[in-house]
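Since every read-out is calculated from the coordinates, none of them should be taken as a lab result. Note that the structure is predicted; figures quoted are calculated from it, not measured. Here the Cβ positions follow ideal geometry from the backbone for every residue, glycine too, while neighbour counts run over all protein chains shown.
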Amino acid sequence: MRVLFIADQFADVSRTPEDKYPGGAELTDEAALEVCPWPIDCVTCEDVDLTTLGDYDLHILGNTQSATPALFEALSAVGRHILFEHDVRICNWRGNFPVLVEPSHRIFQRCICPHRHLRKLYDTSLGAIFLTHRQLAVFEQNPFFRSRANRVIGCSLFSNDLFERLEKPAQERSGTLFFDSRSKIKGGKNAREFAVSRGWSPKAIRDLRPPEVLDLFERSERFVYTPLGLEPAGRMVVEARLLGCEVVVNDHVGVSGESWWNLPQELAVEFLKDAPNRFWRLVEELAEGVEGPRPPTIASEQRKRTVTLRSPA
């Protein structure tokens, strides 16, 4: 099987002063690409040659904000694509509900965007793969969209660099971290205020390379992450948890509702290590039209070293 992976950009792209480091979607894609079991080519939405789509057995679509209607039409005509959902592709605002002027998204924390130009893309797809069940639930609440089949990985995808750190000797820990993002929806101000209210002296994570963030998690006691709205998965909370931090989240963080989150460390690591390969197994299921089980509901319990703060209604 020959695969074409299409996305806005990839982790190895040249960076700019405004976009210094790869984002979570790019890192997840990178981890998947490292273990693809079939020949694979990668191309950005801007550089796709529409005349060659038929040369591939399968098209994987990552983030596609820069895709043209012509690309979507061409993919739909071939009908061999699988949508890899990183945020909320069907939403005009990518699921950034709390910061919107539009009232239905902001008040009800759900997407009802009709997006006629995307419906055919979903209708003709082999299926969609979601990171978490909470992310899938947002998709299913939109009355305008259905895909032929849905699968859930249960987390973002991570490269071996993260797991190799687990073999290092434990370091002395102190301090509380929070993510001071330029994006208001990430809830940096709220997280800092929560930490201060508990008598902790919070230190901001800001403008650091991904390995530098992991270095901080190895030395810190806890990580507070309280986004204002939907966080479809949440890479940083997984990294913090695996590297030994107490994790304080609210109920917007999708990955903290997954059943593996309650597992002991050894089993959680096993689940996460398998995620990139699990992604390709799910791809194969969808490509072959294998009937899958209905995804289970979101787990309500949280791991004992996780504090879950309930968000206001």
When the helix-only estimate is applied to the chain (DSSP H runs of n ≥ 4, each -39,500 (n - 2.57), divided by the residue count), what is the mean residue ellipticity at 222 nm, nearest 500 deg cm²/dmol? -9000 deg cm²/dmol
Count of lysine pairs in the chain with Cα separation under 19 Å (8 or more residues apart, or interchain): 6
The range 7-12 - phi-based ³J(HN,Hα) in whole Hz, Karplus 6.51/-1.76/1.60, Gly and Pro as x: 7, 4, 7, 10, 5, 8
Output the direction-averaged projected area (hull surface divided by four) of the convex hull of the alpha-carbon atoms of the range 3-130, in nm². 8.7
Non-local residues with an amide H under 5 Å from the amide H of residue 248, with H modelled 1.01 Å from N and Pro and chain starts lacking one, are 223, 224, 225, 307
Around residue 122, with a cut-off of 15 angstrom between Cβ atoms, what is the net charge of the other residues, counting Lys and Arg +1 and Asp and Glu -1? +4
Lone Cys, the chain, Cβ cut-off 4.7 Å -> 36, 42, 45, 113, 155, 245
Residues whose modelled amide H sits under 5 Å from the amide H of residue 179, counting only those 5 or more places away in sequence or on another chain, are 205
So, with +1 on the Cβ of K and R and -1 on the Cβ of D and E, and no other charges, what is the size of the charge dipole of the chain about its Cα centre, to the nearest 20 debye? 1420
Hey, can you grab everything whose amide H is under 5 Å from the amide H of residue 60? Only 5+ residues off in sequence or another chain; H modelled, so Pro and N-termini drop out. 4, 5, 6, 82
Nearest 10 degrees, 0 to 90: helix 188-197 Cα axis against the chain principal axis: 20
Compute the distance from the alpha-carbon center of the range 107-132 to that of the range 227-272, in whole Å. 25
